[in-house]
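I have placed the structure first, in the form of structure tokens, so that the comments after it can refer back to it.
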Amino acid sequence: MDPETTDLPTPCTSSAAVVDRLRRSLSSCSQLIQTGVDFHKSEQSLSDLVLFLNSISDSFVREPENQDLENASFQILTEIRLFITSSSVDQQAVIDALSFELPKTAARFACVSPRCMEVAQSIVDCFTDKCSPRDMLSILCEAIGSPRDAFTVPSYFAPLLSGFPKVFVSIRRRQFEQVKAAVPVILNALKAIVLDSDDKDADLGDIFHKANCIADSMKAVCLELEGKDNEKLCALLGLFVLQITALASMGIEYRLAHSSPLVLKLSHFLQSCGLSYLGLIMGTDVEKLLGIAVGDGGDDLVGCFSDIWLGASILVIWGYKSNEVALAAGADLVALKDELQSSRIKRWHAVGMLKHVLLCLYLPLELKKDAINFLLSIMYPKLSQMPNDENEDYSTYMPTLCSALQAIQVVIMYATDVILRKNAFAAFKELLADCPTSLRFDILRALIKDGDSSSMIAVLLDCVREEVRLESSKSPPASKVSKAESEGSQGTIFWSSSALELVELVLRPPGGGPPSLPEHSDAVLQNRPNQSTNIHWFFLLSISTDSF
């Protein structure tokens, strides 16, 4: 064995010296692997080669402006590509042995410069062409699943991700199981890239282009399968697309020119996966996909799909924003809004899904504006189709409605855009008004009881005050209504002593201590549309038990 490969080398700055050493190391590895005489020596030779290459890539991390290191890195990658494509390397054993280390090593060099990334990607392509697809699937998964901290950047992952499409379509047995095992690794890597990226646009567009190519390859495999495997892989593809949509929305700036091409491509998958805008915005399609692709006992797989509910909502919002996107998805937005306006239950399901957009910290403000506008567009029900259902039991929907209203409250309190806050407050009032009186009372009580913002509690009490005013104007004098009639009428629940219970929750907190009253200078009170900073605290004094 070449003695130069036995010691951990010191990084060189001379490109010629580095390339010469690399040539000899590759030749030594190749000879030892082909002879197969001493397995330990061949393993050690390969390990020394990797250490040598990694020392160069580590040097560039320490000196990113060093042009000599960039030149050396480019020549290293070029030499590796030349070696593995050379006709003299005709032993499959050599390529197989190198494939376990060199794709990951090449990906490290991809971080050096754009031209290095281009050559690194071609090296990965060479290995996917020459090696077993099942072996390469494991190699790629290991490489993107365990990068060093210094290399958790888009340019490291890009050449590795480019290898998955070719591998997926090359697998000939147990395709669903193989793809299913790789998808969590891919999605977890993509999420780490998005959350760790400082520049939200620079390299992420290419990363999500490669993710879209992976989805294309999954669709191609679906076309080759039949029966249950086809159904399960189509469902897995649908979940993959929803998760990618959510991650891309977190990472790529929300501008039509930047995001629309990607969203258009992702929207084309919806019909192939049997997904509709109605099913997505209600969440029923998401549950269907999970049931088919994951089934019971799939907790590990479910973990990588943590943002699919968000992705489903975003796809519909994009269709609402862009007719071109809706057309790509095969959706009719007019019919969708008619359907939601005509059904209170479907409307509530949609509102429950939109909360994921409003609560996500990583989404741009513009996307939340569109979510609120879409919510407002479906909150004008067709009066001719509104049910007379005050006596229906809607208690099962209370958690969904409460969580949605709390999400809107977050926007009202923390959004920096004045128009967004006003529209959010309008949506808050519309959603409350959409609830039957008894449910509306229970929701207000829950929001007041669980609220930790004194200013929002003041806003909620003002909602109660308005309900009392409206009911008092419609109710006959108390002397003409029997006690039994009063207790049996849900329509007068606010015009009763029940309203005082809500006030008492504030003035006498269940946990004790003084009441939490807002200041006149509170930001939420100042920004409330068409309302003075005094949120009718006189209401606490204007209601008395004599009124009921």
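FYI, it's all coordinate maths here, none of it is from the lab. Quick caveat: nothing in here was measured; it's all calculated off a predicted structure. Positions of Cβ are generated from backbone atoms using ideal geometry, with glycine treated the same way; all protein chains shown enter the neighbour counts.
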Exercise for the section: Using label points projected 7 Å from each Cα along Cα→Cβ, tell me how many nm separate His209 and Lys228, to one decimal. Expected result: 4.0
Handout entry: Length released on extending from Asp450 to Val334, taking residue separation times 0.36 nm less the Cα-Cα span
Key = 38.0 nm
Completion exercise
Expressed in nanometres to one decimal, the distance between label points 7 Å along Cα→Cβ at Leu264 and Ile419 is 2.5
Handout entry: Where the Cα pairs of region 310-447 fall when distances are cut into 5 Å bins, in %
Key = 2, 10, 20, 23, 20, 14, 8, 3, 0
Fill in the blank from the handout: Stretched fully, the stretch from Ala93 through Glu177 gains (0.36 nm per residue minus C-alpha distance, one decimal, in nm) 27.6 nm
Completion exercise
To the nearest 0.05, the calculated FRET efficiency linking Arg469 and Glu392 through their beta-carbon distance, R0 being 30 Å, is 0.75
Exercise for the section: Just the ratio, please: alpha-carbon radius of gyration of region 59-110 over 2.2 N^0.38 Å, N its number of residues. Expected result: 1.32
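Given an 8 Å cut-off on Cα distances and at least 6 residues of separation, report the relative contact order of region 117-241 as a percent.
Normalised by residue count, the contact order of region 117-241 is 30 percent.
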Exercise for the section: Sort region 131-220 into rounded, prolate or oblate with this rule: let a ≥ b ≥ c be the square roots of the eigenvalues of the Cα gyration tensor; rounded if a/c is under 1.5, and if a/c is not under 1.5, prolate when a/b is larger than b/c, oblate otherwise. Expected result: prolate
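Working out 0.36 nm times the residue gap between Arg62 and Gln34, then minus their Cα-Cα distance, what length gain in nm do you get to one decimal?
Length gained between Arg62 and Gln34: 6.4 nm.
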Problem - Span from the region 108-177 Cα centroid across to the region 39-98 one, whole angstrom - result: 16
